[in-house]
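Since the structure comes first, as structure tokens, the remarks are kept for the end.
What follows draws every value from the coordinates through simple rules; no lab data is involved. Keep in mind that this is a model prediction, so the values were computed, not measured. FYI the Cβ positions are ideal-geometry reconstructions off the backbone, even for glycines, and counts take in every protein chain you see.
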Amino acid sequence: MKNKNTKILIESAICVAIAVAIAFIPVTHLPMGPNLPYVPLAVLGIRRGFGVAVVAFPVMGLLEWMFGMAWIVTPVQFVMEYIVALMSLALLALFAKKIRTLITDNDYKLNVQASLFITLSLTVGVIAAYFWHWLAGFMYFSSDAWDGWGPWAFTTVYNGAEGLATLVGAVIIILGIAKINPKILISR
């Protein structure tokens, strides 16, 4: 049991470290661009499930704050966007067991059903996370709205576009990885 917990802790640390490293790449901070650090977090969530994901994912937000990468207006906004949003992203792991079963039952090959569950899983997680970004956008960034745009329209378009880009990017990358090596989504 102790050995398994150590493996999970190390695996979580590696995935969060990769996510933080990706966050340092300037192209991942384009306005309305994909939030690519979500990819290694999603792999961890699918591999290890909701319990590990809901604890490990917010560590990414804390590290973004520690490294000065977080855009913080108030403590409540920080908690919403860097803790709660990442905890909500962990909802993608609700289908993790089903995804792993579909892959292992298919002789460790990605099939259409597993691909659909991966897509559904990522959709649930990204929508849950971006709900908090959307709400924070309305509450704290409405003054940044484009000329002629109200705060609801601005935050919906801005965070909706970023959320959609994140979802599409994550689906393409994770399905690509799973097609090449589906075992990466399976914990041992």
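Pairs with C-alpha atoms separated by more than 20 Å, drawn from the list 7/183; 4/97; 98/179; 97/179; 4/109; 7/97, are 4/109.
With K and R counted +1 and D and E -1, the other residues having a Cβ less than 11 Å from that of residue 130 yield a net charge of -2.
Looking at the calculated P(r) for the chain, what percent of the C-alpha pair distances fall above 27 Å? Before the final figure, lay out each step's value.
On the way: 4766 of 17578 pairs.
Percent of Cα pairs beyond 27 Å in the chain: 27.
Going from the residue with the fewest nearby Cβ atoms within 10 Å to the one with the most, 36, 116, 92 rank 116, 36, 92. Over 22 Å apart: what share of the alpha carbon pairs of the range 1-89 falls there, rounded to a whole percent? Every Cα pair in the range 1-89 considered, those over 22 Å come to 25 percent.
Our summary gives the chain a relative contact order of 26 percent, counting only alpha carbon pairs under 8 angstrom and 6 or more residues apart. For the chain, complete DSSP H runs whose alpha carbons reach 27 Å or more along their own long axis and whose mean Kyte-Doolittle score is -1.0 or higher are 2-23, 112-140, 151-180. Excluding same-chain neighbours fewer than eight residues apart, the aspartates and glutamates reachable from residue 2 by a Cα-Cα span under 15 Å are 11. The chymotrypsin sites (Phe, Trp or Tyr not before Pro) of the range 88-135 meeting both criteria, a DSSP state outside H, G, I, E and B (loop) and at most 13 other C-beta atoms within 10 angstrom of the site's C-beta, are 108.
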